[in-house]
Amino acid sequence: MRLGLHAFGVVSGLLAGALLLGCGSSPPPTSSPSPDTQLGPMPGVPWFEDATTAANVAFTHFDGATAMHYLPEVMGSGVGWIDYDNDGWPDLFCVQGGPLRPHTHPGPLPTHKLYRNNRDGTFTEVTEQVGLNKNGYGMGVAVGDYDNDGFDDLFVTYLDRIALFKNVLDPAAPGRRRFEDVTVAARLANPHWATSCGWGDIDGDGRLDLYVCNYVQIDLDHYRTCVNTDRNQVYVCPPTVFPSESHKLFRNNGDGTFTDITVSSGIAAVPTGAGLGVLLLDLDDDGKIDIYVANDMGPAHLLQNQGGGKFIDRGLLSGASLTVGGRFMAGMGIAAGDIDGSGRPSLFVTNYQNEPTAVFRNQGKMTFMDWNHQSGVGPVTRRSLGFGIVLFDADLDGNLDLAQTNGHVVRNSQVLLNAPFEQEGLLMVGDGKGRFREVSEKAGGYFREKHVGRGLAVSDYNNDGLPDLAFSHNAGPLKLLRNATQTNNRWLRLELIGNGKTSNRNAIGARVEIETGGRKLVRFIHGGGSYLSASDRRLLVGLGTATKADRVLVVWPDGSREAFRDLAANRGWRLTQGKSAEAVPAN
Amino acid sequence: MSSPSPPLVPAVASRFSRKRLGIVIGVIAVVLFVAGVFVWQNSRPDEKRTLALKAAKEGSFAFAEEQLKSALADKPDDVEVIEALARGYLKSEKPHEAETYLTRWVELRPEDPEARRLRYEFYPKARKLSKAYPDGRRLLDLTPTDGRLRRALVGQAVSLGAYEDAESLCRECLRDEPGDRDLLSMLAECRRARGDLTEAGEILDRLLKDFPLYTPAILYLDSGQPEKAIPLFREVLRLDKTRQRSAGYQLAIALERSGKAEEAKQVTAGFRRLQDVEVFADAIKAQPDNLELRVRLGERLLAEGHTQDGLSYLHAVIAENPAYGPAHLALAKHYEQQGQAERAAEHRKLAGSTP
């Protein structure tokens, strides 16, 4: 009986519990979006949709994380846009990392991927077909037609080397293109940890030369870990623990080979820095391409072109080398553009957590003023650790906007530094007067997702007149964002082709002035930029409500000027040096 | 002699009554339980709300969250619950949710400074600086004597490019602190941004006279007047030990822009030393037993002409490990450059290398 009563009590209890639970259960929690989080496009505000899956892009950066927290594990790899088959539709090249000790890796090693644009918003992976199924610990990419044959070639940096892949006709399949590794034949060598790289004609001979950033010297076999003694946790070592390496400058000899001119150019004389970003552009409007280099925890280099392939570092005293307080930047990615209507390119450099993305406003004559606070970029970017960065006109209003990808380098940053490892990317719209306003919350779901952002490159891959973005993530999937901004603003897409003799065919180094609707917009074609990545070289110029560009003045890399008149809006134009403008067929 | 048979009836009766007793107890229990549930059900919403609020206040937000939401579903304008949710989500770092409830709180209690203050402080952390500012302005209306807030808003307004507003706030602040140099600097910046270079110049002149400080020097430099900036930076370097690096850097730029390249280089070397020591200090902290790192810092300092600093770093390494070759080698190279062959040879020998 006692048992019976007990059993009754238990049953009653269970029943009561069930009732309690049943009665007490609340409706399932609902996700409550922030009041101003935009769930759909808003007219006039940039809006990006994740098109990765729909576009058949399925690239994931190799996760090489180990308990040693080796520095390369968190540096990521880049992404590049290259129209390798010259069909007018940008294809997508994804640089792949890999295991640090490949011989111990089970199974096939991961390779880079090339996705051919199907011209309908989708891509087909053609890596093997084009001969790019190469493995190695890949880092950065630069796209350029180094032999002026009309087809873009690929240059890739690795943890321990560099590689030049020449775009050639596929002998096995007439009409098709493939890539041949010509590194040795081109006499290119750099047995160091190379990162960002960029093409530019530094000596005015009409051929693209090559700058390669080197980061630091590491020895995996004798690697010293860094330990946070308070928490007894291993963490990724700062770059300052390692000796840095001189960067490289290779002159294009015009016969398929290059000469290492690091010493003769004066670059070897510049104190070494842990290079992560490079941009090749005429910064002082003297007609010669200069080189700006972002170094991690060291002064940025501003290598002013003296002519004849010689450079001197003007960084420290130009005002574009350190923060306004004289501190080193943890310089990663670089962007440049005319953000204030001055016609001069200002510089943006992404920086460490709690440090703002540096904005150096170009005052002419190789002088810069700190503009991060006044631009509005500083206060917004301070909360993130920035890597890739691009300036582009997301809403086609004629003003340059800014996208930046973020992610910490310390895997256990949340515990050790109270900062998240995965971070949101950000988008800011420019007002054309040097100021920017953040619109990340209204720009689509991606900007609310957390990733370990690294590479970033812009291209209008679907040729719809709106610039799209590709983001690479450390140990994560690449994301392709399609620009779906609702706008009636009009645009021009300008594809510049140099004569291949006095100006390089890619027209890297050209300055373009677009007169439209009473405004003058100035754009530049530069080499390098962002972090480890290569954006589409075609200029997508927002015209606002104007129906045409009244005049487009091109200052070609060789200094010659050419004006093209009355270019109708909402279409692509091919501007070939010495020829009249040619409308590019829509499809 | 049979023993009396046991009474059958009482046994059965006892069994029966036991059974009945069990049933009765069972029925009573069920009745009590149902009644309890009924009473509990009727009193539950308030009780649950109270308990949840208490739990949230005591820091058990995870436990209280769903109960609070449920209470809010019953009474959507319950400010106390909304406040608890807002605070809970702020603490648990769920920005979207926090903003939702903060905003609801502000909507329901637009005059409540606490709600406004919390949202004002939340926005910058949630990447919404431009939204913080209007909240700050409203908060200032609600707490007009808050001088610290007014001052903070001046800086925010300047950073947002709201120069007109910044100027007005700045002038209000200056009424209380008429000689404040940072406020005067910001006022000059506002006037300059609004195109009044004359007043901006006058303010700078006043700052120059009264406060030979960093900010006006920067403004002079940025406005293309490096000559005026130079004496200010020199004064900062002389007076302010905390700004040696930044003032040194800016002085070097000002000197360069004034055509004094040689002096610019000398000043550069000075602040580069500070940078090197700072950066290497971080690296050494990360790898305290890495002697090679300390040798590298010593070499860097020697190369940049900071002989005493460089030597002291190298000798400190040798004191720690007298046989550490790279330190001896670095010293040998240094003494060779100084023409002190004997000392160089001594260190080379200790390094185990030949020239």
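Of the residues B:S168, B:S159, only one is of a type in the set (S, T, Y), in a helix (DSSP H, G or I) and out of contact with any His (no Cβ under 6 Å at 6 or more places or on another chain); which? Lay out the reasoning, then the answer.
Working: B:S159 fails: out of contact with any His (no Cβ under 6 Å at 6 or more places or on another chain).
One residue alone meets the criteria, B:S168.
Would you point out which residue out of A:D50, A:D63 is touching a Lys or Arg at 6+ places or on another chain (Cβ under 8 Å) and either at pLDDT 95 or above or surrounded by fewer than 20 Cβ atoms within 10 Å (Cβ to Cβ) (or both)? So that I can check it myself, show each step before the final result.
Numbers: A:D63 fails: touching a Lys or Arg at 6+ places or on another chain (Cβ under 8 Å).
It is A:D50.
Among the residues of segment B:279-290, write down those that are surrounded by fewer than 14 Cβ atoms within 10 Å (Cβ to Cβ) and either within 8 Å of another protein chain (Cβ to nearest Cβ) or in a helix (DSSP H, G or I) (or both).
Step one: list which residues in segment B:279-290 are surrounded by fewer than 14 Cβ atoms within 10 Å (Cβ to Cβ), which gives B:281-282, B:285, B:288-289.
Result: B:A281, B:D282, B:K285.
Kindly establish whether A:Y115 is surrounded by 15 or more Cβ atoms within 10 Å (Cβ to Cβ), under 30 Å from A:D201 (Cα atoms) and touching a Cys at 6+ places or on another chain (Cβ under 8 Å). Before you say what the answer is, go through the steps one by one.
Numbers: surrounded by 15 or more Cβ atoms within 10 Å (Cβ to Cβ): yes; under 30 Å from A:D201 (Cα atoms): yes; touching a Cys at 6+ places or on another chain (Cβ under 8 Å): yes.
Against the criterion (surrounded by 15 or more Cβ atoms within 10 Å (Cβ to Cβ), under 30 Å from A:D201 (Cα atoms) and touching a Cys at 6+ places or on another chain (Cβ under 8 Å)), A:Y115 qualifies.
So, B:Q266, is that one assigned to a helix (DSSP H, G or I) and either touching a His at 6+ places or on another chain (Cβ under 9 Å) or within 11 Å of chain A (Cβ to nearest Cβ) (or both) or not? Don't jump to the end; show me each part of the working.
Working: assigned to a helix (DSSP H, G or I): yes; either touching a His at 6+ places or on another chain (Cβ under 9 Å) or within 11 Å of chain A (Cβ to nearest Cβ) (or both): no.
The answer is no for B:Q266.
What's the number of the condition A:G388 fails, among (1) within 21 Å of B:A162 (Cα to Cα); (2) under 17 Å from the mean Cα position of the chain (by Cα)?
Failing condition for A:G388: (1).
Can you name every residue in segment A:92-144 that is of a type in the set (F, W, Y), closer than 21 Å to A:D460 by Cα and in contact with an Asp or Glu (Cβ under 9 Å, 6 or more places away or on another chain)? So that I can check it myself, show each step before the final result.
Here is the first cut: in segment A:92-144, the residues of a type in the set (F, W, Y) are A:93, A:115, A:123, A:137.
Narrowing further to those that are closer than 21 Å to A:D460 by Cα: A:93, A:115, A:123.
Within segment A:92-144, A:Y115, A:F123 qualify.
Which is without any contact (Cβ under 8 Å) to a residue 40 or more places away in the chain and in contact with a strand residue (DSSP E or B) (Cβ under 7 Å, 6 or more places away or on another chain), of A:V359, A:V377?
Working: A:V377 fails: without any contact (Cβ under 8 Å) to a residue 40 or more places away in the chain.
On inspection, the qualifying residue turns out to be A:V359.
Which numbered condition trips up B:L350, out of (1) farther than 21 Å from A:D296 by Cβ; (2) of a type outside the set (D, E, K, R); (3) within 12 Å of chain A (Cβ to nearest Cβ)?
B:L350 satisfies every listed condition except (3).
If you take the residues in segment B:51-67 that are part of a helix (DSSP H, G or I) and exposed (fewer than 13 other Cβ atoms within 10 Å of the Cβ), which one is modelled with the lowest pLDDT?
Just the residues of segment B:51-67 that are part of a helix (DSSP H, G or I), to begin with: B:51-57, B:61-67.
Then drop every residue that is not exposed (fewer than 13 other Cβ atoms within 10 Å of the Cβ), which leaves B:54, B:62.
Working: B:K54: 92, B:A62: 89.
Restricting to residues being part of a helix (DSSP H, G or I) and exposed (fewer than 13 other Cβ atoms within 10 Å of the Cβ), the top hit is B:A62.
Would you point out which residue out of A:R207, A:R178 is on the phi < 0 side of the Ramachandran plot, in a strand (DSSP E or B) and in contact with a strand residue (DSSP E or B) (Cβ under 8 Å, 6 or more places away or on another chain)?
Working: A:R207 fails: in a strand (DSSP E or B).
Matching residue, one of A:R207, A:R178: A:R178.
Go through segment B:232-262 and count every residue that is among the charged types (D, E, K, R), closer than 24 Å to B:T307 by Cα and within 11 Å of chain A (Cβ to nearest Cβ).
2
List the helices (runs of 4 or more DSSP H) inside segment B:177-260, counting only whole elements, that have at least 2 residues being surrounded by 20 or more Cβ atoms within 10 Å (Cβ to Cβ) and among the small types (G, A, S).
Details: elements: B:181-193, B:197-210, B:214-222, B:226-239, B:244-257.
Per the criteria, B:181-193, B:244-257.
For A:R551, indicate whether it is among the basic types (K, R) and more than 28 Å from A:D203 (Cα to Cα). First the steps, then the outcome.
Numbers: among the basic types (K, R): yes; more than 28 Å from A:D203 (Cα to Cα): yes.
Yes: the conditions hold for A:R551.
Do you know which residues across segment B:79-109 are in contact with a helix residue (DSSP H, G or I) (Cβ under 7 Å, 6 or more places away or on another chain), of a type in the set (D, E) and surrounded by fewer than 18 Cβ atoms within 10 Å (Cβ to Cβ)?
Hit for segment B:79-109 is B:E80, nothing else.
Do you know which of the residues in segment A:314-372 that are surrounded by fewer than 23 Cβ atoms within 10 Å (Cβ to Cβ) and of a type in the set (V, I, T) is nearest to A:F387 (Cα to Cα)?
Ranking the qualifying residues of segment A:314-372, first place goes to A:T323.
For B:V158, are the conditions met, namely being within 12 Å of chain A (Cβ to nearest Cβ), touching a residue at least 12 places away in the same chain (Cβ under 8 Å) and crowded, with 21+ Cβ neighbours inside 10 Å? Write out each step before concluding.
On the way: within 12 Å of chain A (Cβ to nearest Cβ): yes; touching a residue at least 12 places away in the same chain (Cβ under 8 Å): yes; crowded, with 21+ Cβ neighbours inside 10 Å: yes.
For B:V158, the condition - within 12 Å of chain A (Cβ to nearest Cβ), touching a residue at least 12 places away in the same chain (Cβ under 8 Å) and crowded, with 21+ Cβ neighbours inside 10 Å - is met.
Here is a list of conditions, (1) within 25 Å of A:A51 (Cα to Cα); (2) touching an Asp or Glu at 6+ places or on another chain (Cβ under 9 Å); (3) within 14 Å of chain B (Cβ to nearest Cβ), and A:Q374 meets all of them except one; can you say which number that is?
Unmet condition: (1).
Could you please give the count of residues in segment A:516-529 that are without any contact (Cβ under 8 Å) to a residue 60 or more places away in the chain and either among the β-branched types (V, I, T) or within 25 Å of A:L280 (Cα to Cα) (or both)?
1
The values are calculated or read from the model by the stated rules, or taken from the named source; none is laboratory data. Owing to the predicted nature of the structure, the values given are computational and were not obtained by experimental measurement. Using ideal geometry, Cβ is built from the backbone for each residue, glycine included, and neighbour counts are taken over all protein chains shown.
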